[in-house]
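Working notes for the structure below.
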Amino acid sequence: MDSQKEALQRIISTLANKNDEIQNFIDTLNQTLKGVQENSSNILSELDEEFDSLYSILDEVKESMINSIKQEQARKSQELQSQLSQCNNALENSEELLEFATRSLDIKEPEEFSKNVYVCVCYRVTMASAFRLSLKPKVSDNMTHLMVDFSQERQILQTLKFLPVPKAPEIDPVECLVADNSVTVAWRMPEEDNKIDHFIMEYRKTNFDGLPRVKDERCWEVVDNIKGTEYTLSGLKFDSKYMNFRVRACNKAVAGEFSDPVTLETKVEDTCVEWDPTGGKGQDSKIKGKENKGSVHVTSLKKHSRSGTPSPKRTSVGSRPPAVRGSRDRFTGESYTVLGDTAIESGQHYWEVKAQKDCKSYSVGVAYKTLGKFDQLGKTNTSWCIHVNNWLQNTFAAKHNNKVKALDVAVPERIGVFCDFDGGQLSFYDANSKQLLYSFKAKFTQPVLPGFMVWCGGLSLSTGMQVPSAVRTLQKNENGMTGSTSSLNNITQSNMIAFYKRNA
């Protein structure tokens with residue numbers, strides 16, 4: 001009966017999730033349909049404006065050409081009128097002289113004839129300019145050199161097409177980073193496009209880890225005129241679990257489609273590990289959730305590389321821990337130890353721990369899953385930790401393989417734990433000042449789990465944190481690494497750490 005109920009509950013949960021996904025998709029389709037209608041109307045309006053602008057340019061060119069023709073007509077007419085006037089005057093004077101000379105031929109008196117000849121000679125002199133007059137028009141009536149050959153333009157207009165729309169960029173997960181209240185988003189074009197003028201990035205905060213929801217409570221915020229293929233949003237307040245990002249490319253006239261959205265996890269989760277003085281008798285667990293004191297919230301320690309790859313969905317485990325007494329998942333005796341439920345197998349992880357005021361003794365570190373059920377952190381060769389003792393005498397020490405190294409520094413209010421699995425390093429920091437407290441060098445031969453020991457009081461945990469820049473810098477300097485960003489490619493995010501009950 002119970003197994004059938006559990007199976008039915010799983011079916012109901014799956015159907016509910018599927019219904020939620022389908023509803024979100026329906027909302028997306030409706031919004032897309034509305035967008036198609038609105039955008040098509042906008043495009044038609046813009047197309048009319050473009051052609052009106054083209055017509056306006058043609059009208060301006062036409063008016064300019066008409067003015068040129070009119071000016072040419074006026075110039076030629078003036079030239080011809082001037083030449084015509086000169087010729088008419090010359091012709092009139094020539095006719096008068098011709099008539100006078102003809103009459104002079106009929107004169108019989110020598111003296112009067114000589115006088116008329118003299119007058120004809122004087123007229124000849126005064127008409128010298130008329131004899132030099134050009135009888136060829138200064139200008140022609142040909143106006144064809146002002147005609148325009150529109151064949152090439154007509155061919156261009158006939159091949160007029162829509163401007164090529166830039167392709168959608170691809171957000172590059174490997175180059176994205178969430179750290180120090182900042183998010184760096186990087187992208188690339190699927191193919192080279194030298195006509196791109198700028199990019200537009202949109203982002204919004206959300207509490208959903210899947211694809212962006214149409215009916216999300218927060219609107220998209222816009223960053224325009226980005227000239228490069230990377231942008232950093234700084235000064236953010238991570239007050240939501242996730243952030244959605246999308247990017248589009250723009251040329252001088254048109255914007256392309258948005259990239260596939262990417263969801264980055266930004267939420268820092270808080271939980272706690274508490275010591276139960278009853279030894280678990282009559283209690284559900286010795287690990288109490290911060291919001292629900294009677295339950296255990298188990299969440300995968302999820303990888304989140306600099307890639308910004310969306311984290312997998314959180315999974316919840318029932319309120320009761322494994323019930324088999326003496327199993328490897330339980331610690332007995334006075335170990336007071338709990339381990340994370342998901343192993344660290346690669347990359348770099350960071351989380352922070354703060355002890356409650358009434359805590360008398362606690363340890364923070366990592367251990368192999370094979371840690372014995374009677375073992376305490378730091379007392380075996382499969383566990384590493386720093387230990388704080390506030391009972392009887394105050395001590396602060398690093399422990400591994402039952403060897404103790406006293407730390408001559410003040411116990412910080414919050415301890416930051418940095419685990420570089422690939423580099424074989426476990427470091428502890430003052431979470432506030434980022435001062436290095438102690439580092440273990442170890443070649444991890446198998447996955448490790450975050451480990452905690454607490455006696456009286458409890459520990460408050462902050463997880464889901466990116467490796468702080470100061471810690472990365474200190475690690476690079478300590479390891480003799482260069483400032484190349486290539487070393488960041490394996491950075492992983494420690495999401496909310498959850499724990500199985502390990503105490504009897």
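Of the solvent-accessible surface of region 1-105, computed with a 1.4 Å probe and all protein chains present, 55% belongs to carbon and sulfur.
For region 434-463, the list of trypsin sites (Lys or Arg not before Pro) that fall in a loop by DSSP and count at most 16 other C-beta atoms within 10 angstrom reads K434, K443. Here the alpha carbons of region 325-472 define both size measures, Rg and Dmax, at 14.3, 44 Å.
Dipole magnitude for region 192-245: about 300 debye, using +1 per Lys or Arg Cβ and -1 per Asp or Glu Cβ, origin at the Cα centre. For region 365-424, which chymotrypsin sites (Phe, Trp or Tyr not before Pro) are both in a DSSP coil and crowded by at most 13 other Cβ atoms within 10 Å? Those that pass, being in a loop and sparsely packed, are F374, W391.
Note on D408 and K373: the model spin-label points, each 7 Å out from Cα along the C-beta direction, lie 4.3 nm apart. Ordered by 1.4 Å accessible area with all protein chains kept, L44, L58, L426 run largest first as L44, L58, L426.
Within region 44-93, all pairs of alpha-carbon atoms sorted by distance into 10 Å bins from zero give the percentages 22, 22, 18, 15, 11, 7, 4, 0. Largest to smallest in accessible area, the residues L8, L236 fall in the order L8, L236 (1.4 Å probe, all protein chains included).
Just to verify a number: FRET efficiency for I66 and C87, C-beta to C-beta distance, R0 = 30 Å, to 0.05?
Efficiency for this residue pair is about 0.45.
Pairs from the list K167/K237; K405/K443; K195/K227; K354/K405; K373/K403 with a Cα-Cα gap above 23 Å: K167/K237.
Computed over protein heavy atoms with a 1.4 angstrom probe, the accessible surface ordering of M147, M243, largest first, is M147, M243. Legend: calculated FRET efficiency, N432 to N30, from the Cβ-Cβ distance at R0 = 51 Å, rounded to 0.05, equals 0.55.
The values are calculated or read from the model by the stated rules, or taken from the named source; none is laboratory data. On a predicted model such as this, the values are computed, not experimentally measured, just so you know. FYI the Cβ positions are ideal-geometry reconstructions off the backbone, even for glycines, and counts take in every protein chain you see. Areas reflect the complete protein model, heavy atoms only, side chains present, ligands, DNA and RNA absent. Shrake-Rupley method; radii C 1.70, N 1.55, O 1.52, S 1.80 Å.
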